[in-house]
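A.B. asks: Shown below is the structure under consideration.
The values are calculated or read from the model by the stated rules, or taken from the named source; none is laboratory data. Because the structure is predicted, anything quoted here is derived from the model rather than measured. Please note: Cβ atoms are built from the backbone with ideal geometry, for glycine as well, and neighbour counts cover all protein chains shown.
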Amino acid sequence: MSSSQSKTPRAPWFRQGLAEHVWQTKYRYCDAAGVCESTIEETWRRVAKFVAHVEPKHTHQHETAFYRLLENFRFLPGGRILAGAGTPKRVTLFNCFVMGEVVDSMTGIFDALKEGAITMQQGGGVGYDFSTLRPAGTRARGSGAIASGPVSFMQIWDAMCATILSTGARRGAMMATLRCDHPDIETFIAAKQTHGVLRHFNVSVLVSDDFVEAVRQDRPWPLVFPLAEGETAEGETLQRAWSHAAKPVTCRIHKVVSARALWDTLMKAAYTSAEPGVLFIDRINNQNNLGYRERISATNPCGELPLPSYGACNLGSLNLVQFVRQPFTPAAAMDDEGIRDAVATAVRFLDNVIDASPFPLAQQAEQARGSRRIGLGITGLADALVMLGLRYGGEPSLARARDIMKLISHSAYEASVELAVERGPFPFYEPRLYGERPFIRQLPPALRDKIRVHGIRNSHLLAIAPTGTISLLANNVSSGLEPIFSAEYSRRIVGENGGFGRYDVQDYAVAWWREGHEGGLPVNFVDAHNIAPDDHLAMQATLQPYVDSAISKTINIPKNYPFDKFKDVFMRAYDLGLKGVTVFRPNPVTEEVLTAPEVEQCAWCDIGRDSDA
């Protein structure tokens, strides 16, 4: 036990030493003189007051409502909000951004690098689509030099991120995507097979519907790249929609591979190193509420926010354990009315953040204020299910999770319509086109009518983030929609002097159960190591119809899981209507952060796709 663990946690909010450590090291504000917030209540009041200050009237009333929402960890705003709101720090309150086009020239590349550095220096993670960079071995535009390809330039971004971190900025996070038909796709897939390479990047392949079909039919798959303006085609060409192109462009075929062989290469990489993930990019665009005005080709670092150029993550999560009434009893139930009220306040809170936050770049401010995207999600789902007497992954648990997410989804849209009545709809709103989008069409008819009459304040309202660090702050509730990692485990942390320490922690629901029961675990308890991959997929698929953005979810795979079954997980994810999938199987490439007793496997938390969202 570390010395910090021996401290008595601050009653009544911190039940575990690690939760207090997270608050002290990540979210408690200290001024230049070293005077710090003495309790988390002071943190909540700072945040509530700042987010309420943009209200034109009844400011104190809204400040009180925001404080009550934050109190006892009922609502967990994104980590940048907790750490930065109401402080003199020059930081953004948005956790992450998707950046603009990486133009295929040295000037364009380094302009994009500069924008990323500025954004990360102010606290935002970044996502980039590198598909616009010409493949290695081809002649670069203008200079005639031989291009080194997207992956080589990703190494420059990785070094930039490490340099920014060395200045004391928060831990960096980046997402890199590449199209499945880019000539350097095989190099991209293999890029993170070596430990320590591109360590600040998560990587995901943009998988199209055509590619999935080609894999299933075992067809040849052309790898292509657009011709530059004035470039003469050498060899075969075809027309193809391309990243950041307004219409299909002429592409030269550089190579033809077997679609199934390329898929197997991708699957083997994920099997051995948990990277890359997969984004079903056509589905993401087809179901985008703003598909009438934007094309998406990248996400934030954890994948729950597919965003256009300069789009931003404005995240917050309802902590579901705080809405379970009479837990661990036959009368256990969710407080539906409490959830509705909390959702309404949370939507207003996050909408205010858009106006209260500074932005690293003017383009980011324009995009955020034009779409007014927010990402309200959940955390503590698995713990709430245990407290309700349900086993994660079983059909009753799926039904209850569906009801909860449906309630949150419809309540969020209702609240956004009410805000539109008060404040007006988001500037990019076009009534007819918005009303025809697939997610909007599946809303209840009465709610669609309200949107038609009044408009809506926010283009998107829902996303389920991984909530790694903020779930620890809330006394180690299960993260996002993930299963419980373990009843108890040891977690590695970075100490104030830069060294590593460990905390022994208990899962929130287990700790609650043990307060009133002698030993043992609830009969419905199950952890991440004992849940079949299909049950992981089923939970994600159950919630996705009620989430207008996406879901950050990692499918845990046992170490001895056969490869032939493993690669089917990705196809099942596609067939279930998911927008993306990431897997984790114990492997020598990634590092172990969590250690459960008598369990050799490391779960998804803090591995590759961690976030304090």
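A.B. asks: From Arg293, Arg369, grab the single residue that is in contact with a helix residue (DSSP H, G or I) (Cβ under 9 Å, 6 or more places away or on another chain) and either free of Cβ contacts under 8 Å to residues at least 12 places away in the same chain or in a helix (DSSP H, G or I) (or both). Quick ask: steps written out before the conclusion?
C.D. replies: Numbers: Arg293 fails: either free of Cβ contacts under 8 Å to residues at least 12 places away in the same chain or in a helix (DSSP H, G or I) (or both).
Testing whether each residue is in contact with a helix residue (DSSP H, G or I) (Cβ under 9 Å, 6 or more places away or on another chain) and either free of Cβ contacts under 8 Å to residues at least 12 places away in the same chain or in a helix (DSSP H, G or I) (or both) leaves just Arg369.
A.B. asks: If you take the residues in the range 198-230 that are free of Cβ contacts under 8 Å to residues at least 24 places away in the same chain and part of a loop (DSSP other than H, G, I, E, B), which one is nearest to the chain's Cα centre (by Cα)?
C.D. replies: Glu229
A.B. asks: Go through the residues of the range 426-448 one by one and say whether even a single one is buried (at least 20 other Cβ atoms within 10 Å of the Cβ), of a type outside the set (Phe, Trp, Tyr) and in the same structural domain as Ala511 (by TED's automatic domain parsing).
C.D. replies: no
A.B. asks: What about Ala344, is it surrounded by fewer than 20 Cβ atoms within 10 Å (Cβ to Cβ), on the phi < 0 side of the Ramachandran plot and touching a residue at least 60 places away in the same chain (Cβ under 8 Å)? Break it down stepwise before answering.
C.D. replies: On the way: surrounded by fewer than 20 Cβ atoms within 10 Å (Cβ to Cβ): yes; on the phi < 0 side of the Ramachandran plot: yes; touching a residue at least 60 places away in the same chain (Cβ under 8 Å): yes.
Against the criterion (surrounded by fewer than 20 Cβ atoms within 10 Å (Cβ to Cβ), on the phi < 0 side of the Ramachandran plot and touching a residue at least 60 places away in the same chain (Cβ under 8 Å)), Ala344 qualifies.
A.B. asks: So which of Phe584, Phe563 is modelled with pLDDT of 90 or more, aromatic (Phe, Trp, Tyr) and surrounded by 22 or more Cβ atoms within 10 Å (Cβ to Cβ)? Spell out how you get there, then give the answer.
C.D. replies: Details: Phe563 fails: surrounded by 22 or more Cβ atoms within 10 Å (Cβ to Cβ).
The conditions single out Phe584.
A.B. asks: May I pose another question? Pairs please, first residue from the range 448-465 and on the phi > 0 side of the Ramachandran plot, second anywhere and part of a loop (DSSP other than H, G, I, E, B), Cβ atoms under 7 Å, 6+ apart in sequence or on different chains.
C.D. replies: So the pair list comes out as Gly455/Pro425; Gly455/Tyr429.
A.B. asks: Related question: Does Asp535 satisfy being crowded, with 17+ Cβ neighbours inside 10 Å, outside any loop (DSSP other than H, G, I, E, B) and in contact with a Phe, Trp or Tyr (Cβ under 8 Å, 6 or more places away or on another chain)?
C.D. replies: Numbers: crowded, with 17+ Cβ neighbours inside 10 Å: yes; outside any loop (DSSP other than H, G, I, E, B): yes; in contact with a Phe, Trp or Tyr (Cβ under 8 Å, 6 or more places away or on another chain): yes.
Here the answer is yes, as Asp535 does meet what is asked.
A.B. asks: Which of the residues that make up the range 84-127 are buried (at least 21 other Cβ atoms within 10 Å of the Cβ), in contact with a helix residue (DSSP H, G or I) (Cβ under 7 Å, 6 or more places away or on another chain) and either on the phi > 0 side of the Ramachandran plot or not in a helix (DSSP H, G or I) (or both)?
C.D. replies: Correct list: Ala85, Thr92, Leu93, Phe94, Asn95, Phe97, Met99, Gly100, Val102, Gly123, Val126.
A.B. asks: If you don't mind, another one. If only one of Ser397, Ser371, Ser411 is under 19 Å from Arg74 (Cβ atoms) and among the polar types (S, T, N, Q), which one is it?
C.D. replies: Details: Ser397 fails: under 19 Å from Arg74 (Cβ atoms); Ser371 fails: under 19 Å from Arg74 (Cβ atoms).
Going through Ser397, Ser371, Ser411 in turn, the sole match is Ser411.
A.B. asks: Also: Might you check whether a residue that is in contact with a Leu (Cβ under 7 Å, 6 or more places away or on another chain) and assigned to a helix (DSSP H, G or I) occurs anywhere in the range 260-268? So that I can check it myself, show each step before the final result.
C.D. replies: Pass one, the range 260-268, residues in contact with a Leu (Cβ under 7 Å, 6 or more places away or on another chain): none.
Looking for residues that are in contact with a Leu (Cβ under 7 Å, 6 or more places away or on another chain) and assigned to a helix (DSSP H, G or I), one finds none in the range 260-268, hence no.
A.B. asks: Moving on to the next point. Can you say whether His244 is touching a residue at least 12 places away in the same chain (Cβ under 8 Å) and surrounded by 20 or more Cβ atoms within 10 Å (Cβ to Cβ), as far as the supplied structure shows?
C.D. replies: On the way: touching a residue at least 12 places away in the same chain (Cβ under 8 Å): yes; surrounded by 20 or more Cβ atoms within 10 Å (Cβ to Cβ): no.
Spelling it out, it is not the case that His244 is touching a residue at least 12 places away in the same chain (Cβ under 8 Å) and surrounded by 20 or more Cβ atoms within 10 Å (Cβ to Cβ).
A.B. asks: Which ones in the range 457-496 are touching a Lys or Arg at 6+ places or on another chain (Cβ under 6 Å) and part of a strand (DSSP E or B)?
C.D. replies: Ser490, Arg492
A.B. asks: For Asp351, state whether it is of a type in the set (Asp, Glu), outside any loop (DSSP other than H, G, I, E, B), farther than 30 Å from Val523 by Cα and not assigned by TED's automatic domain parsing to the domain that holds Met120. Give the steps one after another, and end with the answer.
C.D. replies: On the way: of a type in the set (Asp, Glu): yes; outside any loop (DSSP other than H, G, I, E, B): yes; farther than 30 Å from Val523 by Cα: yes; not assigned by TED's automatic domain parsing to the domain that holds Met120: yes.
So Asp351 passes the test.
A.B. asks: Taking the stated definitions as given, is Gly79 within 18 Å of Thr119 (Cα to Cα), touching an Asp or Glu at 6+ places or on another chain (Cβ under 6 Å) and of a type outside the set (S, T, N, Q)? Even if it seems obvious, please write down each step before you answer.
C.D. replies: Numbers: within 18 Å of Thr119 (Cα to Cα): yes; touching an Asp or Glu at 6+ places or on another chain (Cβ under 6 Å): yes; of a type outside the set (S, T, N, Q): yes.
Yes: the conditions hold for Gly79.
A.B. asks: Do any residues in the range 33-51 that are assigned by TED's automatic domain parsing to the domain that holds Pro88 have Cβ atoms under 8 Å from those of residues that are surrounded by fewer than 18 Cβ atoms within 10 Å (Cβ to Cβ) and polar (S, T, N, Q), where the two are at least six apart or on different chains, and which pairs are they?
C.D. replies: Close Cβ pairs satisfying both conditions: Arg46/Thr87; Ala48/Thr64.
A.B. asks: Another question, if that's okay. Determine the pairs where a residue that is buried (at least 20 other Cβ atoms within 10 Å of the Cβ), located within the range 390-404, has a partner that is polar (S, T, N, Q) and in a loop (DSSP other than H, G, I, E, B) with Cβ atoms under 7 Å apart, the partner being 6 or more residues away or on another chain.
C.D. replies: If the second residue must be polar (S, T, N, Q) and in a loop (DSSP other than H, G, I, E, B), the pairs left are Leu390/Asn524.
A.B. asks: Please indicate, with yes or no, whether at least one residue in the range 533-549 is free of Cβ contacts under 8 Å to residues at least 12 places away in the same chain and either outside the structural domain of Gln326 (by TED's automatic domain parsing) or of a type outside the set (Phe, Trp, Tyr) (or both).
C.D. replies: Going through the range 533-549, the residues free of Cβ contacts under 8 Å to residues at least 12 places away in the same chain turn out to be none.
So far as the range 533-549 goes, no, none of its residues is free of Cβ contacts under 8 Å to residues at least 12 places away in the same chain and either outside the structural domain of Gln326 (by TED's automatic domain parsing) or of a type outside the set (Phe, Trp, Tyr) (or both).
A.B. asks: Here's a follow-up. Residues in the range 497-532 that are in a loop (DSSP other than H, G, I, E, B) and within 12 Å of Val386 (Cα to Cα): how many?
C.D. replies: Taking the range 497-532 first, the residues in a loop (DSSP other than H, G, I, E, B) are 497-499, 507, 517-526, 531-532.
Filter once more, so that each one left must be within 12 Å of Val386 (Cα to Cα): 507, 521-526.
The total comes to 7.
A.B. asks: Only one of (1) closer than 23 Å to Ala19 by Cβ; (2) loosely packed, with under 15 Cβ neighbours inside 10 Å fails for Ala48. Which number is that?
C.D. replies: Going through the list (1) closer than 23 Å to Ala19 by Cβ; (2) loosely packed, with under 15 Cβ neighbours inside 10 Å, Ala48 breaks only (2).
A.B. asks: Also: Against the definition (assigned by TED's automatic domain parsing to the domain that holds Ser459, modelled with pLDDT of 95 or more and buried (at least 20 other Cβ atoms within 10 Å of the Cβ)), how does Leu266 come out, yes or no? First the steps, then the outcome.
C.D. replies: Details: assigned by TED's automatic domain parsing to the domain that holds Ser459: no; modelled with pLDDT of 95 or more: yes; buried (at least 20 other Cβ atoms within 10 Å of the Cβ): yes.
Here the answer is no, as Leu266 does not meet what is asked.
A.B. asks: Additional query: Of the residues Ser416, Ser409, Ser397, only one is touching a Phe, Trp or Tyr at 6+ places or on another chain (Cβ under 6 Å), at pLDDT 95 or above, among the hydroxyl-bearing types (Ser, Thr, Tyr) and not in a loop (DSSP other than H, G, I, E, B); which? Write out each step before concluding.
C.D. replies: Values: Ser416 fails: touching a Phe, Trp or Tyr at 6+ places or on another chain (Cβ under 6 Å); Ser397 fails: touching a Phe, Trp or Tyr at 6+ places or on another chain (Cβ under 6 Å).
Answer to the selection: Ser409.
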